[in-house]
Amino acid sequence: MNLFSRRRFLRITAGTLAAAGLGPTLLGPRARAGTPAAGITTVPTFCDVCFWKCGAVGTVRDGKLWKLEGNPLDPLSQGRLCPRGTGGVGAHIDPDRLRHPLLRAKVRGEEQWNVVSWDEALGFTAERMQKIKAEYGPEAMAMFSHGLGGNFLKHTLKAYGAVNFTAPSFAQCRGPRDVGFRLTFGDDPGSPERTDIANAKCLVLIGSHLGENMHNTQVQEFAHAVANGCSVIVADPRFSVAASKAKHYLPIKPGTDLALLLAWMHVLVKEKLYDVEYVTKHGYGFESFAAYLEPFTPEWAYPETGLSPDLIRETAREMGRHRPATLVHPGRHSTWYGDDTQRSRAVALLNALLGSWGRQGGFYIPSSMELPGYPYPAYPTSAKGKVDNPGKKYPFAHEAISTGIREATLTGAPYPVKGWLTYAVNLTYALPNEAETLKAIESLDLLAVVDVIPSETAGWADVVLPEATYLERYDDLNVELFREPFIALRQPVVPAPDEQKPNWWIARELATKLGLEQYYPWKHIEEYLEYRLKQGGYSFEELKKTGIILGPKQPRYFEEGVEPVFETPSKKIEFYSSQLEAKGFDPIPKYTPPDPVPRGTYRLLTGRAPTHSFSRTQTNPILHDVMPENEVWLNAKEAARLGVKSGDRVRLKNQDGVVSELVKVKATERIRPDCVFMVHGFGHTSKGLKRAYRKGASDSKLQTRYRIDPLMGGTGLNMNFVSVEVTS
Ligand SMILES: Nc1nc2c(c(=O)[nH]1)N[C@H]1C(S)=C(S)[C@@H](COP(=O)(O)OP(=O)(O)OC[C@H]3O[C@@H](n4cnc5c(=O)[nH]c(N)nc54)[C@H](O)[C@@H]3O)O[C@H]1N2
Ligand SMILES: Nc1nc2c(c(=O)[nH]1)N[C@H]1C(S)=C(S)[C@@H](COP(=O)(O)OP(=O)(O)OC[C@H]3O[C@@H](n4cnc5c(=O)[nH]c(N)nc54)[C@H](O)[C@@H]3O)O[C@H]1N2
Ligand code: SF4
Ligand SMILES: [Mo]
């Protein structure tokens, strides 16, 4: 069996599991469900405060959710949740949550509702969907979703005939990175990323702000690596938490990373510090690549990046010293400047030079359990095809482009889109240029929103369908590629407090109203889960007790015997990409300087805070207490020049005249003078989010300008400039 199928279709039976000595006997008392001890029960499940899906154990005391901890059996959480995961209790008790289905009473966006029954809400949704289908065809109904919970609604919409499914996590997040790596290695870093941080001897973080970006396994491994003396190199215009752990910190001028990457690769090649054997064996087009790098000396990169040639040389040598256990982190949120696929490709090429792909301390080769899907009837086919990328305008997009669907909705081309169903996305925050999103929404015949809180997008809906939180429901099984194969179960820890329903129930009822009952041979999700597990030879009852089934450990590195396979046209690592050349793009990444920062303004940069996820947690009472609002980071000298100090409240005004809510200043030496930084997701304007209402400022509202990546349609957002309005 070749590597490709081993990775994707590894079969692990209950027999191999027992042989590996795993299974129920390993269970500690914390992971055992239903142990009665003075009114206390514990229920294993997995977290959904972000999409990392950490195994958790909920403790219920006298019928009330008491606490959430990591499931010690789970390879993702390794028994510990991140602060957001622990604060997940707040999602259950949040007084601002949605409680009943709502139908719009008046004008869109006014947030005036009639509380209705589920029957009415779903009847309304189905009726509008049937009307759209009759007038425009089922393709006119699009779905935006994020995470596992959207699976059943996708199934209902596919049965109805829809073909346009998308998630902002591609064109607004990891898309450019995935495409850049696919063009180079024939595969992407995946999610969860296959980064072997725990074993890295040198870790290079380009923007990736681990410690603020709290993807749990990565942060735990990062701490472990630092404790083990891993040499950390951080390039970031802002002195991030990760930078505080670094041996070398490079305060790079924003938007010039490709210049730094070319100079680093120049040094590695020039000084023969790269992995000659690996490159000779696996590389394609190395000669042209090496010749191309010739002019990109550290001296050339200096005026671009603001980084001294000595620092660039020293850090390149440091990387060369520790290879192949030098991991240049691939990043995740890679939509920055519109040339992001090529920047990510340069990150991939740097890793290729260091020989880190498929090697210990670099990128391991993941595996997953094989579990057959549920045998449903075939879906209808569409002659029209998808709407998001007409004529393959963005030739390397391998997932649907959310902003492409928005564009089609606005223009009616290549065909009209008239209905949006959203699941666990907040589009006015997640898509750039809110005005375009609202204009597209205005043109719809139906906006149906499934959410747990009255988000901004819910405020524009015709019908709001309140979901039970992840702590109150089953979801589909988590069977994803990771360091070791596993199956994880999400199951209810506590009941939903009001009329909220789980996604599978909503999806099934909607299908029934649409006359698509035949697509739901099962009545309750437990039947579905039991069926799937049985097909793989596993027991649902056991999984309910453990939350996790682990498969036997697999070889992870080439040196452990994993066969190197690169699914590129040359079947090698492509230093020179003929695919790109054939489509008129640079076969080796080319640097273009970023737009200059207009006088009197700062480039707006954004990122994460350890205690919040996107725009979804600001109303969570526990997480809100830790961080109720965001701040704008402003270089201390600039602050003094403007006459503001930490704690003062200012407004930011962008190049298109958009003015933010009042936001606190954090005057600090920890950021360059040419940019400001704020944490994404604050400044809520939905009236229902009482706790978070108008606290802090929204970066999304200020990001009216974006640049589209010509390779895959991602939307670079670091193109916005703001001035600081001192109100006094
Ligand atoms: N301006 C700007 N835009 C960005 C980003 C940025 O940093 N700045 N980040 C980008 C990135 S990296 C990503 S991945 C995307 C993410 O963007 P989205 O995928 O839109 O994610 P969230 O903003 O978290 O929105 C999630 C919505 O899901 C709801 N929700 C939470 N839990 C549940 C649940 O259990 N069920 C249901 N039905 N709903 C739930 C929340 O209340 C919230 O309204 O945004 C991208 N867009
Ligand atoms: N706590 C928490 N953790 C999260 C999330 C969350 O919502 N909350 N979301 C998760 C998701 S889906 C994603 S995609 C990730 C996002 O996390 P990352 O992928 O780490 O985020 P980015 O937005 O790419 O990076 C932000 C960092 O890049 C720096 N930066 C800005 N411009 C430049 C530049 O031009 N060059 C360089 N070198 N650096 C620059 C910023 O100062 C900041 O430190 O986080 C994940 N983890
Ligand atoms: S990283 Fe944190 S928020 Fe995300 S799933 Fe894990 S514990 Fe939950
Ligand atoms: Mo993301």
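The values are calculated or read from the model by the stated rules, or taken from the named source; none is laboratory data. The structure presented is a predicted model; accordingly, all values stated were derived computationally and were not measured. Ideal geometry is used to build each Cβ from the backbone, glycine not excepted, and the neighbour counts take in all protein chains shown. Quick note on the areas: whole protein, heavy atoms, side chains included, nothing else; ligands and nucleic acids left out. Shrake-Rupley method; radii C 1.70, N 1.55, O 1.52, S 1.80 Å.
What is the percent carbon and sulfur in the accessible area of the chain, measuring with a 1.4 Å probe over the protein chains and ignoring ligands?
53
Hand me the tally of lysine pairs in the range 602-726: alpha carbons under 18 angstrom apart, and the pair either on different chains or 8 or more positions apart.
Here the count comes out as 14.
Within the range 316-338, which residues have the backbone N less than 20 Å from the label spot 7 Å out from ASP586 along Cα→beta-carbon, could you tell me?
Answer for the range 316-338: 330-331, 334-338.
As a check on your grasp of the helix formula, calculate [θ] at 222 nm for the chain: sum -39500 (n - 2.57) over DSSP H runs of n ≥ 4, divide by the residue count, round to the nearest 500.
Computed ellipticity for the chain at 222 nm equals -8500 deg cm²/dmol.
Quick one: Karplus J couplings for the range 545-558, per residue in order, coefficients 6.51, -1.76, 1.60, θ = phi - 60°, nearest Hz, x for Gly and Pro?
Result, ordered by residue: 7, 9, x, 9, 10, 9, x, x, 4, 10, x, 10, 10, 4 Hz.
Run the simple label-point estimate for GLN579 and GLU542 please: 7 Å along Cα→C-beta, distance reported in nm.
Once both label points are built, they end up 4.0 nm from each other.
Determine the dipole magnitude for the range 516-590: charges of +1 sit on the beta-carbon of Lys and Arg, -1 on that of Asp and Glu, nothing else is charged, the reference point is the Cα centre, and the result goes in debye to the nearest 20.
80
Could you please report the charge total around LYS513, scoring K, R as +1 and D, E as -1 over all other residues with beta-carbon less than 9 angstrom from its beta-carbon?
Here the charged neighbours net out to -3.
Using +1 at the C-beta of Lys and Arg and -1 at the C-beta of Asp and Glu, which of ALA400, GLN220, ALA511 has the Cα lying farthest in the positive direction of the dipole of the chain?
Positive-most Cα among the choices belongs to GLN220.
Can you pull the one-decimal nm distance between simple spin-label points at ASP625 and GLU110, each 7 Å off the Cα toward Cβ?
According to this spin-label approximation, the distance is 3.8 nm.
If I stretch the segment between LYS247 and ASP62 completely, what's the gain in nm (0.36 nm per residue apart, minus their alpha carbon distance), one decimal?
Taking 0.36 nm per residue and subtracting the Cα distance, the gain is 61.6 nm.
For the chain, what is the charge dipole size about the Cα centre, in debye to the nearest 20, if Lys and Arg each add +1 at the Cβ and Asp and Glu each add -1 at the Cβ?
In debye, rounded to 20, the chain gives about 620.
Would you please give the FRET efficiency between GLU294 and ALA636, computed as 1/(1 + (r/R0)^6) with r the Cβ-Cβ distance and R0 = 45 Å, to the nearest 0.05?
The value I calculate is 0.65.
Taking square-rooted eigenvalues a ≥ b ≥ c of the alpha carbon gyration tensor, is the chain rounded, prolate or oblate, where a/c under 1.5 means rounded and, failing that, a/b exceeding b/c means prolate?
Rounded is the answer for the chain, as its axis ratio a/c remains below 1.5.
Quick check: Cα centre of the range 490-557 to Cα centre of the range 268-316, how many Å?
The distance from the Cα centre of the range 490-557 to that of the range 268-316 comes to 50 Å.
Based on the mean of other Cβ atoms within 10 Å per residue, sort peptides 543-550, 641-648 so the most packed one is first.
Peptide ranking by packing, descending: 543-550, 641-648.
Counting Lys and Arg as +1 and Asp and Glu as -1, what is the net charge of the other residues whose Cβ lies under 11 Å from the Cβ of THR685?
After counting each charged neighbour, the total is 0.
Around THR381, with a cut-off of 14 angstrom between Cβ atoms, what is the net charge of the other residues, counting Lys and Arg +1 and Asp and Glu -1?
+2
So if R0 is 22 Å, what FRET efficiency would HIS100 and LYS523 give, r being the distance between their Cβ atoms, rounded to the nearest 0.05?
About 0.40, to the nearest 0.05.
For TYR415, put the label point 7 Å out on the Cα→Cβ axis and report which residues of the range 376-406 keep their amide N under 18 Å from it.
379-393, 400-401, 404-406
Could you give the length gained by full extension between ARG599 and GLU725, i.e. 0.36 nm per residue of separation minus their alpha carbon distance, to one decimal place?
43.9 nm
Relative to the present Cα-Cα distance, how much length would full extension add between THR685 and THR381 at 0.36 nm per residue of separation?
105.4 nm
Please give the per residue accessible area of the chain, computed with a probe of 1.4 Å over protein heavy atoms only, in Å².
36
Step through the table entries LYS133/LYS154; LYS247/LYS553; LYS392/LYS501; LYS67/LYS158; LYS201/LYS572; LYS272/LYS590, compare each Cα-Cα distance with 28 Å, and write down the pairs that go over it.
LYS247/LYS553; LYS392/LYS501; LYS67/LYS158
Going by Cα centres, the range 355-434 and the range 318-337 are how many Å apart?
The two parts, judged by their Cα centres, are 26 Å apart.
So, by mean Cβ neighbours within 10 angstrom, what's the order for 349-355, 268-274 with the highest one leading?
Packing proxy ranking, top to bottom: 349-355, 268-274.
Can you bin the range 602-726 into rounded, prolate or oblate? Criterion: square roots of the alpha carbon gyration tensor eigenvalues sorted a ≥ b ≥ c, rounded for a/c under 1.5, prolate for a/b above b/c, oblate for the rest.
It is oblate, given that a/c is not under 1.5 and a/b is not larger than b/c.
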